[in-house]
Structures are given as C-alpha cells and as structure tokens.
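Worksheet: the structure to be examined is printed underneath.
The values are calculated or read from the model by the stated rules, or taken from the named source; none is laboratory data. Owing to the predicted nature of the structure, the values given are computational and were not obtained by experimental measurement. Glycine gets a Cβ as well: all are built from the backbone with ideal geometry, and neighbour counts include every protein chain shown.
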C-alpha cells in the first residue's frame, strides 16, 4: 500500500543527489572546527568590546545553522532549505572573522556581513518552497539596493569599518579596513545615510509581507510558516528600528543596548525556528493522521473521505477520485469521469496505490507539497479508509451472497422434504394400502391363514415406517397448521415435555422448517440426556420481527465449550443460519440446559 505523486517520485533521486555531496559527519565536523577556530581567533584578537560574547555568538551561529541544515536535509531531502542553511552557516563562519586582529581577516568578515544577511533574508522570503514571489523579489530588491547603493560604497571608501552585529563593536584597537579603495570618509557617510533609509524601507516591507502571508495562509500552511515568520519579523523589525535610531542619531545608551540584545536574541532564535518548523510539522502530521483515522472508521463513502481530507489539509477545493479498473479511468465522488492531467494550475495530483495498482487519487493545493509530512499522513489515512471501506463492502457482498445461498439451500431443502413426503404419501404409501385391501379380501375368500396374517402384519409395519419417514421429511401438520401445532404434535410421545405456543403466524417454508426441526432436535437431545423425573419445556413465539423458540430442561446439563462441536448442535446452528437466524446455548454441568434460537420473519408467498 503506497501513495505516490510527481514530487514524491523525485524524493529518492533528490535524496541521493544531496547525499552525494552533503555528508552529515564531515559537514558537522567542519562546522565544529570552524566554530572553534573563529571563537579562538576572536578571544585571542582582543579587538572587540565583548570578545567572549561575540565568540559564543559566532560559534553558535555556525553550529546551529549547520545542524539545522543537516536536519532539514535528512527530514526533507527534496527541499533546498537544508543546503541553503548549510551555506548560510559557512558564510557566518567567514563573518565571525570580525573578531580577528588581522586587518585583512577583519575586513573580509565585515564584507561578508551583508552577504550572509542577504542569504538569510532570501531563505526566509522564499520559505518554505524556496521560490520568490514577485512581492518577495521586490522586497529583497530593496535589501540588495541598500547593500549595493549604501553598504558597498561606504565599505570601500571608509578607513574604519565594523560589522552590523551589536556584539561586533570594536575597541580602539579595531583593525583598519584592508580593502579600502579610497579614503573618503565624508563621502562614505552619505552612503551610510542612504543605507539606513533603505534599511528602514526594507524592514517595513519585509514585516508587512510576512504578516500578510500569515493572515491569508490556510491553517495547515500557517502552522509551518509561523515559527520562522514570527522570529524573522521580530528580527527584521529590530533591524529596521536600529537603522532608524542610527539615522536620527539617538545617543541613549540604554536604548542602544536594549535594541542590540533584542536583535542578537532574535538572530539566535532564527535557526531554532527552522528546527521548530520541522518538529511542529511532524507533530501536526501525526495529529492529522490520528484525527483522520478516527473520521474514516467504518465504511466511509468517497464523499466523506474527500470532506475529511480537505478539512485536515485546510484545502476546501480538494478532490477525491476513484480508479475504475473495468473502464480504466478516474471518477469523482459523484461518479463522473475526470482526467488528472487536467488539474487546474496551482493544483497537484497524487495517486494512491495498493499492491502496485492505482485505487484512488487526490487533487490538492500544490503548496501543500511544502509540508510533505502532512500530505503524506493524510494520504495514508485516506488510502487506509478507502481500502477498509472497499474491503468491508466486498465482505458484505460475499456475506450477502452466502446468506442468499444458504436461503436457497434451505428453501430447496424444505421443498425437497415436501416432495419426498408427497411422493411417499401419493405412491409407496397408497400402493401398500391398496395391497393391504387386496390382502384382506383374499383372506375373506380363503379363510384364516397364518401365512397371510404374517404378510398383513408386515404390510402394517411397512406402512407405519413409511408414515414415520414421511412425517420426518416434512410433517403434514407443519404444512397445514404451522410451527406451534407441529411441535405440539411431535411432543405428544414425550410425557416429560410441555409445549407453550405464543403469538404465531404462518411463515415461509424455509423459516418454518428451520425453526421446527431445530426445536425438534433440541427436544430430542433433552429427551435423550435427561433422567425420568426431569422437566422439559418448549416455547415458540414471534417477537420483534423474529420467530423464536426455547427448549430448556432441569437435567444434568453440559459444558457448551466441549459439546458445541457435537453433530446435533452444529446441525441446529447451520439450519438456523441458512434461514438467516442464530442460536444461543446456555448450560453448565448440574444446572440444566437452555437452547434458544431465532429466525427472521418471512411471510409465505401467496
């Protein structure tokens, strides 16, 4: 049993492609080594105001983004988020050179500050599909403009530069800019002002875009966006406010420190937000699977499966289709033929397969492929529900056919009994009666003769046996007067038995035969096993659209667990089941026995 789709079919190949050049242990080892090296350079450099904090911050950035990137690569190998996070971790390792005492290393670290920021902003704006919309591209364009028109001229025209991270503030020993092209601090200041203005515009557009996406997102999509977007909004908001404070030349040290620590804290939370998004996705997928399994209990219809899957995925336009093997096409919940290839733009198609063969399909919002755990969980639940419903329907069909077959057998058996009874009465019995008459006439003519008397006695015994056989095959009383009268007639020879007949009508031959012969078998069993002083009661009545009987006695009883395998009880059970009825046996050694049976009321055809 499996669920496949076009993106899903690429997962294994993409996983192999990523694993070909992203090995977890070498990457993790490199990240740890890079973090340790940059931390050591920072502490040894002594050019920052808070070298210890910056070393810890820089090492954390490298290890955290590398670790979360590896986690994404493992959990979602088809996604580019993992490799991009790994690349960001590598860039941040270069940025951490801002703590070095070497002018060249320090300058390279400052230069990579906006490069790593642009990559981080791109990842967030393109998350989770790593595709930029027009609005996102325009927003990122403001950041690129700020870097190109503000930071780059400022950097190459300034003798003294510093990183944007609050913890990267230099002491008086700050290295000179080794990459300066011209010493024009006055001109550089103008570009720095332009950068601050563009930074505020970018931050405003960034936060507005992410908040807008959260507002219009479906509930499942909002769950995967929220961890990253909320942290990113806080980070960029602090980034923009810090630019505005710098533009207005605010000198309040407490405000600067508060903004600095808030900006640092949100940056620390960013890789954790990406990890949390994966964790929540798996949690919600598990919850969706459990909820779906509850909703698809029993025999859900295709329409119910469609509605349940749509609600679980937050996709009101989701469509469920069934594969019709006889016509080799797809049908929607209303039975109309559909063509999966004609799925509307922005929609995706997934085949649900069982035993390698398609059985059903889902047409859903293509954006849900960015949350594969959820779509996989819902697809699995839908497939299980559909397969169970199909299996239950097939079982019900087989049971119905078996029940119908049993009824036909019971009807044929009753018909055959009546035919045997009629044939014995109309042929063999009549011929023996005629022979008996001829024999009596011959005796009258020839006088008393011992040999003729013995022949006459033999004819009487033969007639008695034929009458008994005919009565056993299908009693005439049962045929003419029904179940109550026939049971009363059958119990006459058993002095210990008492028959109680409740409200009864006439029923179909198979029902009357099943109840009569079952009750008679139970009576004969009681007569056989009960002692002379025992009491046997036979009751028969109609109740709740069923013809019921009960045979109880106060004899020695038995253990049903060991006695049910006996031929008599098995025969009763099978005879009732053939008529759609059931049997109950209650007994224990020393406490008598009670045999109860029932068959559905079926009126005779007129």
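What the table shows:
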| quantity | calculated |
| --- | --- |
| Test for residue 506: is it assigned by TED's automatic domain parsing to the domain that holds residue 596, out of contact with any helix residue (DSSP H, G or I) (no Cβ under 6 Å at 6 or more places or on another chain), part of a loop (DSSP other than H, G, I, E, B) and at pLDDT 85 or above | yes |
| Residue in the stretch 182-201 that is under 49 Å from the mean Cα position of the chain (by Cα), under 30 Å from residue 367 (Cα atoms) and surrounded by 14 or more Cβ atoms within 10 Å (Cβ to Cβ) present | yes |
| Residue in the stretch 365-377 that is in a strand (DSSP E or B), in the same structural domain as residue 314 (by TED's automatic domain parsing) and on the phi < 0 side of the Ramachandran plot present | yes |
| Inter-residue pairs, beta-carbon under 7 Å, first touching a residue at least 60 places away in the same chain (Cβ under 8 Å) and in the stretch 203-216, second part of a helix (DSSP H, G or I) and surrounded by fewer than 20 Cβ atoms within 10 Å (Cβ to Cβ), 6+ apart | 205/142; 209/135 |
| Evaluation of residue 320 against (1) part of a loop (DSSP other than H, G, I, E, B); (2) surrounded by 10 or more Cβ atoms within 10 Å (Cβ to Cβ) (one fails), failing number | (1) |
| Residue satisfying all of: in the stretch 70-80; assigned to a loop (DSSP other than H, G, I, E, B) and in contact with a helix residue (DSSP H, G or I) (Cβ under 7 Å, 6 or more places away or on another chain); surrounded by the fewest Cβ atoms within 10 Å (Cβ to Cβ) among these | 78 |
| Those residues of the stretch 202-225 which are assigned to a helix (DSSP H, G or I) and surrounded by fewer than 17 Cβ atoms within 10 Å (Cβ to Cβ), in sequence order | 204, 208, 211, 212, 214, 215, 216, 219, 222 |
| Selected residue [over 29 Å from residue 33 (Cα atoms), touching a helix residue (DSSP H, G or I) at 6+ places or on another chain (Cβ under 8 Å) and in the same structural domain as residue 201 (by TED's automatic domain parsing)] from 145, 97 | 145 |
| Qualifying positions in the stretch 155-170 - farther than 22 Å from residue 262 by Cα and not in a helix (DSSP H, G or I) | 158, 159, 160, 161 |
| Residue in the stretch 56-69 that is part of a loop (DSSP other than H, G, I, E, B) and under 44 Å from the mean Cα position of the chain (by Cα) present | no |
| Residues located in the stretch 334-355, provided they are under 19 Å from the mean Cα position of the chain (by Cα) and more than 16 Å from residue 375 (Cβ to Cβ) | 354, 355 |
| Qualifying positions in the stretch 42-55 - in contact with a helix residue (DSSP H, G or I) (Cβ under 6 Å, 6 or more places away or on another chain) and outside any strand (DSSP E or B) | 42, 43, 45, 50, 51, 53, 54, 55 |
| Hits in the stretch 550-572 - residues which are part of a helix (DSSP H, G or I) and surrounded by 18 or more Cβ atoms within 10 Å (Cβ to Cβ) | 569, 572 |
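The rows are residues; the columns are (1) crowded, with 21+ Cβ neighbours inside 10 Å; (2) assigned to a helix (DSSP H, G or I); (3) within 49 Å of the chain's Cα centre (by Cα).
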residue: 513; (1), (2), (3): yes, yes, yes
residue: 531; (1), (2), (3): no, no, no
residue: 534; (1), (2), (3): no, no, no
residue: 541; (1), (2), (3): no, no, yes
residue: 548; (1), (2), (3): no, no, yes
residue: 585; (1), (2), (3): no, no, yes
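Quick grid of which residues meet (1) farther than 28 Å from residue 56 by Cα; (2) in contact with a strand residue (DSSP E or B) (Cβ under 7 Å, 6 or more places away or on another chain); (3) modelled with pLDDT of 90 or more:
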position: 136; (1), (2), (3): yes, no, yes
position: 143; (1), (2), (3): no, no, yes
position: 147; (1), (2), (3): no, no, yes
position: 163; (1), (2), (3): no, no, no
position: 178; (1), (2), (3): no, no, yes
position: 183; (1), (2), (3): yes, no, yes
position: 204; (1), (2), (3): yes, no, yes
position: 211; (1), (2), (3): yes, no, yes
